[in-house]
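Engineer: My structure is below; once you've seen it, I'll send some questions.
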Amino acid sequence: MSAFEVRRALVESEDGVRRATLDLSVGGDAALVSIVLEDGRTRIVCSCGGAPACRHAALASAWVDGRSVSEPPPRRGASSIAPPANASGSEPSGSRLPAVDSVRPPPGGTRAEMLATALDDLVTTVVRAGVRSAAGTPSFDESIRRVVATAPAPLPASLSRALSRLLDALGTTDVGLVARLCQGLARLSDALRGADAIMVQSWFGVAGGASLDPTIGHAWVDGPQPDPAARLVDVRLVEVAREWVSTLDRVGLERRYLVAPALGRIYREERLRGQSAPSHGPCPRVLDVALAEVEPGPAPQRVRLLQYEVALIDAPDALKSVVARGVSSFSRVVHDVAAELGAFPALAEPFALLIPGAVERTPAGAVLVDAAGERLALSAESPGVGEVLTTLATDAAPSLVCGRLVVDHGAVAFAALAAVVRTDATLHLRRLA
């Protein structure tokens, strides 16, 4: 199709082509430029975030108009592409992305501003293409690449997890989850531009936020004041579960779930595969923590243990205190899930301690039933767990089931990770994952 035919299809036809995407390179700076028909007019969107004033947009406009064009001078403040971040220029093993370049911030700008623009472009790409069509398109892949390139390096676990979930949600056409993740990414973009340090730290931590913009590591002139020094002092934590969840490059993220019975709170430790363990000891275990730092964000909040002692769960009161914090009303749990997702649409993955009245076998596996008869299905993320739970519940329902709450196509399900069972009047914790 010639340039004339592209323009005619976009502007003069009521049907047919609604968007054309060009792969352009200007002075070695590559970008994808989309020419979109909206309300009878053409609009240019560039993956570099500078359209309509960028060099790529000018070249695309000239090509569509059929004009000869000499390369325009570089736009002041335009971003430039540095050599690939790794020595070979190849992507990480198992990655779902094209090779990612590192990006230098423009003069007078910050990486926070660049990341905000990249996030806006990603959300716009998904909304424009639609849930069924976005994944795998060049514009979507390029938008993801830009987000990764402008984010702090190494890519923060929270952002990698959110982008991974977006890819999975697009693959399963889960419209509700895609919308929620896009909403969360848009809020992060607003936080990066609007000096919401608490939200930025919820995603990247204090150090990661400061690497985007040095002022994020300090108090803002306006708005709520972050508390980077939130701490736990002299508190007992009981680790009840661990799991590996997917990330953008499929390497994986380990989460460890720690219950503070005296506080009625649940915390989590995280590490990417290949990184050193955040703390010592197997699961389950008891940690007597002298000092720990807690980062802002949705429950369970991330925690960094600084001074602590580890012991195996051998004291009868350790699990008893955890069971005492269990919730027996599933409707209450579902209500709390909605509140968490409303506050942190892309970050929240709630963890719960449930006291089931019964475990019922179903053709799909099993469901948990509370004392009021409310039913909670097990998530498809946990194949085989239903069979294990029904076996454990042969004589009586487990005293407690621990796991992550999942919203799958609008329905709340439970990814069970561990169960507390009673044997000979003694409580034992059984890991399910």
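The values are calculated or read from the model by the stated rules, or taken from the named source; none is laboratory data. A quick note: this is a predicted structure, and the numbers were derived from the prediction, not measured. Because the Cβ atoms are built from the backbone with ideal geometry, glycine has one as well, and the counts that use them run over all protein chains shown.
Engineer: Going through region 293-303 one residue at a time, which ones are touching a Gly at 6+ places or on another chain (Cβ under 9 Å) and in a strand (DSSP E or B)?
Structural biologist: Across region 293-303, the qualifying residue is only Arg302.
Engineer: Let me ask you something else. Considering only residues that are among the basic types (Lys, Arg) and assigned to a strand (DSSP E or B), which ones fall in region 232-266? Talk me through it step by step, then tell me what you get.
Structural biologist: Here is the first cut: in region 232-266, the ones among the basic types (Lys, Arg) are 236, 242, 250, 255-256, 265.
Residues satisfying the conditions are Arg236, Arg242, Arg255, Arg256, Arg265.
Engineer: Considering only region 318-325, I want to know if a residue exists there that is of a type outside the set (A, V, I, L, M), farther than 22 Å from Asp168 by Cβ and without any contact (Cβ under 8 Å) to a residue 12 or more places away in the chain.
Structural biologist: No, there is no match, as no residue in region 318-325 is of a type outside the set (A, V, I, L, M), farther than 22 Å from Asp168 by Cβ and without any contact (Cβ under 8 Å) to a residue 12 or more places away in the chain.
Engineer: Considering region 371-411 alone, what residues qualify as being assigned to a strand (DSSP E or B), of a type in the set (A, V, I, L, M, F, W, C) and out of contact with any Phe, Trp or Tyr (no Cβ under 9 Å at 6 or more places or on another chain)?
Structural biologist: Step one: of region 371-411, the residues assigned to a strand (DSSP E or B) are 375-378, 400-408, 411.
With of a type in the set (A, V, I, L, M, F, W, C) added as a condition, the list becomes 376-378, 400-402, 405-407, 411.
Result: Leu400, Val407, Ala411.
Engineer: Is it the case that region 46-63 has a residue that's at pLDDT 70 or above and part of a strand (DSSP E or B)? Before you say what the answer is, go through the steps one by one.
Structural biologist: Step one: of region 46-63, the residues at pLDDT 70 or above are 46, 54-63.
In the following step, the residues that additionally are part of a strand (DSSP E or B) were identified as 46.
Within region 46-63, one or more residues are at pLDDT 70 or above and part of a strand (DSSP E or B).
Engineer: Tell me yes or no: at least one residue of region 294-306 is farther than 29 Å from Ser202 by Cβ and not assigned by TED's automatic domain parsing to the domain that holds Leu167.
Structural biologist: First, pick out the residues of region 294-306 that are farther than 29 Å from Ser202 by Cβ: none.
Checked region 294-306: no residue is farther than 29 Å from Ser202 by Cβ and not assigned by TED's automatic domain parsing to the domain that holds Leu167.
Engineer: Which one of Ala339, Ala260, Ala290 is at pLDDT below 95 and either surrounded by 13 or more Cβ atoms within 10 Å (Cβ to Cβ) or under 30 Å from Asp196 (Cβ atoms) (or both)?
Structural biologist: When all the criteria are applied, what remains is Ala339.
Engineer: Could I ask something else about it? Is at least one residue of region 245-253 crowded, with 21+ Cβ neighbours inside 10 Å, of a type outside the set (Ser, Thr, Tyr) and either in the same structural domain as Gly184 (by TED's automatic domain parsing) or on the phi < 0 side of the Ramachandran plot (or both)?
Structural biologist: Yes, some residue in region 245-253 is crowded, with 21+ Cβ neighbours inside 10 Å, of a type outside the set (Ser, Thr, Tyr) and either in the same structural domain as Gly184 (by TED's automatic domain parsing) or on the phi < 0 side of the Ramachandran plot (or both).
Engineer: Report the residue count in region 173-198 for those that are more than 24 Å from Ala129 (Cβ to Cβ) and either at pLDDT 90 or above or surrounded by 22 or more Cβ atoms within 10 Å (Cβ to Cβ) (or both).
Structural biologist: Result for region 173-198: 2.
Engineer: A follow-up question, please. So which residues in region 243-296 are under 26 Å from Val327 (Cα atoms) and among the basic types (Lys, Arg), if there are any at all?
Structural biologist: Across region 243-296, the qualifying residues are Arg255, Arg256, Arg265, Arg268, Arg285.
Engineer: In addition: From the list Val420, Val401, Val407, Val412, which one is touching a residue at least 60 places away in the same chain (Cβ under 8 Å) and within 18 Å of Ala324 (Cα to Cα)? Step through it out loud before you land on a result.
Structural biologist: On the way: Val401 fails: touching a residue at least 60 places away in the same chain (Cβ under 8 Å); Val407 fails: within 18 Å of Ala324 (Cα to Cα); Val412 fails: within 18 Å of Ala324 (Cα to Cα).
When all the criteria are applied, what remains is Val420.
Engineer: Any residue at all in region 112-122 that is modelled with pLDDT of 90 or more, within 17 Å of Val45 (Cα to Cα), among the β-branched types (Val, Ile, Thr) and touching an Asp or Glu at 6+ places or on another chain (Cβ under 9 Å)?
Structural biologist: Scanning region 112-122 turns up no residue that is modelled with pLDDT of 90 or more, within 17 Å of Val45 (Cα to Cα), among the β-branched types (Val, Ile, Thr) and touching an Asp or Glu at 6+ places or on another chain (Cβ under 9 Å).
Engineer: Please determine whether any residue of region 274-282 is within 30 Å of Asp408 (Cβ to Cβ) and surrounded by 14 or more Cβ atoms within 10 Å (Cβ to Cβ). Show your work before the answer.
Structural biologist: Initial filter on region 274-282 (within 30 Å of Asp408 (Cβ to Cβ)): 274-275, 278.
Add one more test, that the residue is surrounded by 14 or more Cβ atoms within 10 Å (Cβ to Cβ), and what stays is 278.
Yes, there is a match, as at least one residue in region 274-282 is within 30 Å of Asp408 (Cβ to Cβ) and surrounded by 14 or more Cβ atoms within 10 Å (Cβ to Cβ).
Engineer: Oh, and also: For Leu319, all conditions in the list (1) within 18 Å of Asp288 (Cβ to Cβ); (2) surrounded by 14 or more Cβ atoms within 10 Å (Cβ to Cβ); (3) touching an Asp or Glu at 6+ places or on another chain (Cβ under 7 Å) hold save one; what is the number of the exception?
Structural biologist: Failed condition: (3).
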